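Here's the structure, in structure tokens; my notes come after.
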Amino acid sequence: MARSKTSQRWLKEHFDDPYVKMAQRDGYRSRASYKLLEVQEKDRILRPGITVVDLGAAPGGWSQVTSRVIGDKGRLIASDILEMDSIPDVTFIQGDFTDDEVFARILDAIDNHPVDLVISDMAPNMSGVRESDQPRAMYLCELALDLATRVLRPGGDFLIKIFQGEGFDEYHKQVRGLFEKVQMRKPLSSRGRSREQYLLARGFKGQRVE
Ligand SMILES: C[S@@+](CC[C@H](N)C(=O)[O-])C[C@H]1O[C@@H](n2cnc3c(N)ncnc32)[C@H](O)[C@@H]1O
């Protein structure tokens, strides 16, 4: 089958991409690892011994980075709609995060243990039609925030992939009300033409009042 221009461009970029080569060299499952590593370098959100929830974790690049830093005494609960090869000491829950039953299974795995950090790199499969892609992406962001506000300890942190567009300003405002400090991050390893950015919220103020 003839390859489309888009898939040809993707293949070329993939094989020319220095972060793909670095991931192969460093034993990471995805180039996405370097996005978290860049945030970590600047903001030090991961520390030995902490409890972390990783949403949209497959194939596991962020989980690998996280488990290396948090070490034996840390705890990591990861989830994705796709399968993920196991990582030692990582609890993995497979399922669609928009499904109540999956949300509940993640809460069960956390088991009321105070969580220090929730990270989400979730993104729906993009169709290229912004009018439908953006609300789907924002819906995942809303659900991730809902989970974060249920499980984070006061003072905990939240890192989430978000796309500029409709709903972004309202979301940003909502997060600002819930955390002490909110900053945007665009790691160098995030492709320039991608609208993705990362919102880093630090210092959860406490339970969300419904
Ligand atoms: C950019 S990838 C994550 C890469 C990952 N952070 C890493 O370092 O390897 C986005 C992930 O979001 C997941 N995802 C998208 N929609 C989802 C949903 N409804 N429920 C759970 N995961 C979802 C995708 O399956 C995909 O694995």
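Output yes when any residue across the range 123-137 is touching a residue at least 40 places away in the same chain (Cβ under 8 Å) and either surrounded by 16 or more Cβ atoms within 10 Å (Cβ to Cβ) or over 16 Å from residue 197 (Cα atoms) (or both), and no when none is. Yes, the range 123-137 contains a residue that is touching a residue at least 40 places away in the same chain (Cβ under 8 Å) and either surrounded by 16 or more Cβ atoms within 10 Å (Cβ to Cβ) or over 16 Å from residue 197 (Cα atoms) (or both). Output yes when any residue across the range 32-39 is touching a strand residue (DSSP E or B) at 6+ places or on another chain (Cβ under 9 Å), in a loop (DSSP other than H, G, I, E, B) and either over 20 Å from residue 198 (Cβ atoms) or at pLDDT 95 or above (or both), and no when none is. For the range 32-39, residues touching a strand residue (DSSP E or B) at 6+ places or on another chain (Cβ under 9 Å), in a loop (DSSP other than H, G, I, E, B) and either over 20 Å from residue 198 (Cβ atoms) or at pLDDT 95 or above (or both): absent. Taking the range 57-162 as the region of interest, the helices (runs of 4 or more DSSP H) fully inside it that hold 2 or more residues being hydroxyl-bearing (Ser, Thr, Tyr) are 61-70, 130-151.
For residue 182, are the conditions met, namely being at pLDDT 95 or above, more than 20 Å from residue 81 (Cβ to Cβ) and either under 18 Å from the mean Cα position of the chain (by Cα) or part of a helix (DSSP H, G or I) (or both)? For residue 182, the condition - at pLDDT 95 or above, more than 20 Å from residue 81 (Cβ to Cβ) and either under 18 Å from the mean Cα position of the chain (by Cα) or part of a helix (DSSP H, G or I) (or both) - is met.
Scanning the range 155-210 for residues that are of a type in the set (Asp, Glu), open to solvent by 70 Å² or more (accessible area, probe 1.4 Å) and touching a strand residue (DSSP E or B) at 6+ places or on another chain (Cβ under 7 Å) returns a single hit, 180. Taking the condition farther than 24 Å from residue 150 by Cβ, open to solvent by less than 80 Å² (accessible area, probe 1.4 Å) and either within 13 Å of the ligand (Cβ to nearest atom) or out of contact with any Gly (no Cβ under 8 Å at 6 or more places or on another chain) (or both), does residue 32 pass? Judged against the criteria, residue 32 is a match.
The values are calculated or read from the model by the stated rules, or taken from the named source; none is laboratory data. These numbers come from a predicted model, not from an experiment. We place every Cβ from the backbone using ideal geometry, glycine too, and count neighbours over all the protein chains shown. Note: areas computed on protein heavy atoms with side chains; ligands, DNA, RNA excluded. Shrake-Rupley method; radii C 1.70, N 1.55, O 1.52, S 1.80 Å.
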